[in-house]
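Asker: The structure follows.
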Amino acid sequence: MPLLDGGHVVEDPWVLVPDDAPFPADAPALVTLKRLPEARRPGRRLGVLLGPASRAEDVAAALPDLSLIAVEFPKFRDGRGFSLARTLRERHGFTGEIRAVGHILPDQYRFLLRCGVSTVALPEGADPAPWQAALGRFGVAYQPAAAEEAPLDHLRRRLAAP
Amino acid sequence: MDTIERHAPASASMYKGAGIYRYDDFDREFLRERVAEFRAQVARRLAGELTEDEFKPLRLMNGLYLQLHAYMLRCAIPYGVMSADQLRQFAHVARTFDRGYGHFTTRQNIQFNWIALEDAPDAIAALAEADLHAIQTSGNCIRNVTTDEFAGAAADETVDPRVYAEIIRQWSTLHPEFSFLPRKFKIAITGAPGDRAALQIHDIGLTAKRDAQGRIGFEVWVGGGLGRTPILGFRIRDWVPEDALIAYLEAILRTYNALGGRENIHKARIKILVRDVGQARFAELVEQEFATLPREKFRLDPAIVAAIEAHFTPPPFAAVPDAAAALAGAVAADAEFAAWVGRNTHAHREPGYICAVISLKPIGGVPGDCTAAQMDAIANLAEQFSFGEIRVSHVQNLVLPHVRQDRLHALWQALRPLGLATANVGLLSDIIACPGLDYCSLASARAIPVAQRIAERFADLRTQHDIGTVFINISGCINACAHHHVGHIGILGVDKKGEEFYQITLGGSASNDAALGDIVGPAYAYDDVVDAVETILRTYLAVRSPGEAFIETYRRTGLAPFREALHAAA
């Protein structure tokens, strides 16, 4: 699947490991929350896929071992993932990659980034153009976000150029 | 029509004297970006790149609803405050893109009922010319913040809520985390002990107040809402210090966003979450979130409050003596003027000034409707009499907030030929009604004609004045847009096998003594509901004690005498 990073399509090195499959020997492994305990091993690049009802607390203890947290959006109207991403960044200080997967619209791209999401998994064949357009659409915002921005005061800020 | 005329900018002197938030370049840059985004979204929809399912939440967050006959554009009037030029721009939109009128709503917004999808971006661009927008007037996001229509003017006010309403408006605008909530989210704020903003029927209600040292803080109510499960909000905190306001709101919203119901649209409001987990547990969850938020990031620094405050200019009040005696003379000389002053004014904190309410409830009219010509005329009167400032009340009337007492009679005389001097504020014809089956695709029954027929039944204003204060609220379906649960007399339209019926409740209130009304009995057919309302009011006249208002009588007697009279009349 194409992976969007900073508005550009990039290579995705991660392999989603089904619950009944063995862990790959030499690729970074993206596992479900269920398999997270057995997947944790020194030296392994590990990611976890969180369902929409997951809370940051569910993975808090494992954060030092995680390079990637994929947050699932079952429907673009379901905004729980925004709070989940932001809590991972702001409360738990997670600095690895946060990836949005599922049904997401380009119109939500800025919101995702401002909540601390780093990458978006696009459906196969998706055109990145509307995503790039969405990135440049707003130069200003009215509230603090998870990401570092140039605050004009505590409410207003100028957003980083894409 | 050429595009220059469609985009006619409002005059440069848009804010002359009006005590409203003045936009700067930052605010205008943001609005331009938002208009461009919406224009692109409409183009993608028209080109088939967005499905209707995907387009719907995007257009809703720009105030565009699909109704029974056409699209409806709901424009924000932030906390119900606008300048004369902004009202003229609404008149321009009404003439250019609609059928020459607009409808003021209970959430201090204005709706245009006949907008074509292709025109919507141009209509929104025209609004932006006057620093107006339709952002978050619908959709599952934080809606237009509402407040007391006499904010900044009322004699009983302790804190001017407009500054905080504006801060909340800015903070909630395109909030990255809270734009896809389980359901809509409404915040009301007041700065007076007398609740004129219906705090307890809001998702969050805030009372700004001062402690013994004069510091500002907020009492916070949460979990109120009407609809098919009416619940009054509970007080979650007696005091949130000013600098923690945004952090505390973030904590409530985040708790709701994570845990609110998403399966069933009818169980998705915060009131249901509060009911299901319990008030104490909900408060605990919010406190946990509040305790772990990066508080410094969200700290509402006094400097920010001061900066926002600087966007408001206090109206240049003249040092005039209190003119109560002169006003009393004019009142004594003219009974009609006396009736209007008695119902349509409110005490002002500045000596020599008074707030005047322009009733949008002429007998037989559509509650809240206003023609473009009336809007222009009211804008002119606002400039002549009220420093160019106009308010929308949550009962769908307009207010000129700062009128000199010695010019009140002249204002009244100017309003009369415009059909805008109906002396019925708070009387039985000052009805709140939703658009109902005449416009709304959700409605089960008509609401507007019921309101018109009740007002016509009591067309003689003397009878109305004798009955005195009584709030009648008529909703065309259980979504309760007209707040029928909290009307002194609440009327709910229901569909019974294709026929319109109306259920009546008594004893509701949206004020400090908030209460949900009691159902009086079986529903009435469309042809009988006005008779039932008349029977209720005649019963009140018969059983009231001297000086007792309708709601007081009801609280003393309960349903019994009203039920008996209705039964006897059936």
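The values are calculated or read from the model by the stated rules, or taken from the named source; none is laboratory data. The shown structure was predicted, so the numbers you read here are calculated from the model rather than taken from an experiment. Note that each Cβ is placed from the backbone with ideal geometry, even for glycine, and that neighbours are counted across all protein chains shown. Side chains are part of the model used for accessible areas, which takes the heavy atoms of the whole protein and leaves out ligands, DNA and RNA. Shrake-Rupley method; radii C 1.70, N 1.55, O 1.52, S 1.80 Å.
Asker: Of the residues that make up the range B:44-60, is at least one on the phi > 0 side of the Ramachandran plot and part of a helix (DSSP H, G or I)?
Answerer: No.
Asker: From B:Gly217, B:Gly205, which residue is within 16 Å of B:Arg143 (Cβ to Cβ) and in a strand (DSSP E or B)?
Answerer: B:Gly205
Asker: Identify, by number, the condition in (1) open to solvent by less than 30 Å² (accessible area, probe 1.4 Å); (2) over 26 Å from B:Phe185 (Cβ atoms) that B:Ala43 doesn't meet.
Answerer: (1)
Asker: Now for a separate question. Which strands (runs of 3 or more DSSP E) does the range B:67-158 wholly contain that include 1 or more residues that are of a type in the set (Lys, Arg) and in contact with a Lys or Arg (Cβ under 8 Å, 6 or more places away or on another chain)?
Answerer: Output list is empty.
Asker: Here is a further query. Do you know which residues across the range B:159-191 are within 11 Å of chain A (Cβ to nearest Cβ) and assigned to a helix (DSSP H, G or I)?
Answerer: The answer is B:Glu166, B:Ile167, B:Ile168, B:Arg169, B:Gln170, B:Trp171, B:Ser172.
Asker: If the Cβ limit is 8 Å and pairs must be 6+ apart or interchain, which residue in the range B:36-50 that is within 8 Å of another protein chain (Cβ to nearest Cβ) and within 14 Å of B:Ala125 (Cβ to Cβ) pairs with which residue that is open to solvent by 30 Å² or more (accessible area, probe 1.4 Å) and assigned to a helix (DSSP H, G or I)?
Answerer: B:Ala40/A:Ala133
Asker: Taking the options B:Ala379, B:Ala356, name whichever one is within 22 Å of B:Asn144 (Cβ to Cβ) and buried (at least 20 other Cβ atoms within 10 Å of the Cβ).
Answerer: Sole residue among the options that is within 22 Å of B:Asn144 (Cβ to Cβ) and buried (at least 20 other Cβ atoms within 10 Å of the Cβ): B:Ala379.
Asker: Would you mind telling me which numbered condition in (1) closer than 30 Å to B:Pro182 by Cβ; (2) β-branched (Val, Ile, Thr); (3) under 28 Å from the mean Cα position of the chain (by Cα) B:Thr313 fails?
Answerer: Of the numbered conditions (1) closer than 30 Å to B:Pro182 by Cβ; (2) β-branched (Val, Ile, Thr); (3) under 28 Å from the mean Cα position of the chain (by Cα), the odd one out for B:Thr313 is (1).
Asker: Which residues, counting only those in the range A:114-140, are facing another protein chain (nearest Cβ under 7 Å) and either of a type in the set (A, V, I, L, M) or over 14 Å from B:Lys297 (Cβ atoms) (or both)?
Answerer: Correct list: A:Arg137, A:Phe138, A:Gly139, A:Val140.
Asker: Which of the residues that make up the range B:274-312 are over 16 Å from A:His154 (Cα atoms), of a type in the set (A, V, I, L, M, F, W, C) and within 13 Å of chain A (Cβ to nearest Cβ)?
Answerer: B:Leu285, B:Phe290, B:Ala291
Asker: Let me ask something else. If B:His394 satisfies every condition in (1) surrounded by 24 or more Cβ atoms within 10 Å (Cβ to Cβ); (2) within 21 Å of B:Ile77 (Cβ to Cβ); (3) out of contact with any Phe, Trp or Tyr (no Cβ under 9 Å at 6 or more places or on another chain); (4) at pLDDT below 95 but one, which is the exception?
Answerer: The one condition B:His394 does not meet is (1).
Asker: Pairs needed: first member in the range B:98-122, of a type in the set (S, T, N, Q); second member anywhere, open to solvent by 20 Å² or more (accessible area, probe 1.4 Å) and assigned to a strand (DSSP E or B); C-beta distance under 9 Å; at least 6 residues apart or different chains.
Answerer: What qualifies is B:Thr105/B:Arg74; B:Asn109/B:Arg74; B:Gln111/B:Tyr65; B:Gln111/B:Arg74; B:Asn113/B:Tyr71; B:Asn113/B:Tyr101.
Asker: Another one. Please state which of the following conditions B:Arg275 fails to meet, knowing it meets all the rest: (1) out of contact with any strand residue (DSSP E or B) (no Cβ under 7 Å at 6 or more places or on another chain); (2) more than 25 Å from B:Glu166 (Cα to Cα); (3) not hydrophobic (A, V, I, L, M, F, W, C).
Answerer: (1)
Asker: Let me ask you something else. Which of the residues belonging to the range A:108-144 are open to solvent by 50 Å² or more (accessible area, probe 1.4 Å) and farther than 21 Å from B:Gln41 by Cβ?
Answerer: Residues satisfying the conditions are A:Glu124, A:Gly125.
Asker: Assess whether B:Thr535 counts as being polar (S, T, N, Q), assigned to a strand (DSSP E or B) and open to solvent by less than 40 Å² (accessible area, probe 1.4 Å). Before the answer, list the steps.
Answerer: Working: polar (S, T, N, Q): yes; assigned to a strand (DSSP E or B): no; open to solvent by less than 40 Å² (accessible area, probe 1.4 Å): yes.
No: the conditions fail for B:Thr535.
Asker: Scan the range A:53-82 for residues that are within 12 Å of chain B (Cβ to nearest Cβ), in contact (Cβ under 8 Å) with a residue 24 or more places away in the chain and open to solvent by less than 40 Å² (accessible area, probe 1.4 Å) and jot them down.
Answerer: Across the range A:53-82, the qualifying residues are A:Ser54, A:Ala56, A:Ala60, A:Phe73, A:Phe76, A:Asp78, A:Gly81, A:Phe82.
Asker: For the list (1) surrounded by fewer than 22 Cβ atoms within 10 Å (Cβ to Cβ); (2) in contact (Cβ under 8 Å) with a residue 24 or more places away in the chain; (3) over 22 Å from B:His311 (Cα atoms), I need the number of the one condition that B:Gln213 fails.
Answerer: The one condition B:Gln213 does not meet is (2).
Asker: Which of the residues that make up the range A:88-98 are open to solvent by 10 Å² or more (accessible area, probe 1.4 Å) and under 12 Å from the mean Cα position of the chain (by Cα)?
Answerer: Scanning the range A:88-98 gives A:Arg89, A:Phe94, A:Thr95, A:Gly96, A:Glu97.
Asker: Looking at the range A:145-162, which of the residues that are within 20 Å of the chain's Cα centre (by Cα) and crowded, with 19+ Cβ neighbours inside 10 Å is farthest from the other protein chains (Cβ to nearest Cβ)?
Answerer: Looking at the filtered set, the residue picked out is A:Leu159.
Asker: Could you please let me know if B:Phe38 is open to solvent by less than 10 Å² (accessible area, probe 1.4 Å) and either at negative phi or not in a helix (DSSP H, G or I) (or both)?
Answerer: Working: open to solvent by less than 10 Å² (accessible area, probe 1.4 Å): yes; either at negative phi or not in a helix (DSSP H, G or I) (or both): yes.
So B:Phe38 fits the description; yes.
Asker: Please go through the range B:456-482 and give me each residue that is at negative phi, not in a helix (DSSP H, G or I) and not aliphatic (A, V, I, L, M), ordered by number.
Answerer: Within the range B:456-482, the subset at negative phi is B:456-467, B:469-479, B:481-482.
From what is left, the residues that are not in a helix (DSSP H, G or I) are B:458-460, B:469-479, B:481-482.
Scanning the range B:456-482 gives B:Phe458, B:Asp460, B:Thr469, B:Phe471, B:Asn473, B:Ser475, B:Gly476, B:Cys477, B:Asn479, B:Cys481.
Asker: Going by the conditions given, is B:Ala347 assigned to a helix (DSSP H, G or I) and either of a type outside the set (D, E, K, R) or surrounded by 15 or more Cβ atoms within 10 Å (Cβ to Cβ) (or both)?
Answerer: Judged against the criteria, B:Ala347 is not a match.
Asker: Evaluate the range A:35-52: report whether one residue or more is open to solvent by 70 Å² or more (accessible area, probe 1.4 Å) and under 25 Å from A:His103 (Cβ atoms).
Answerer: no
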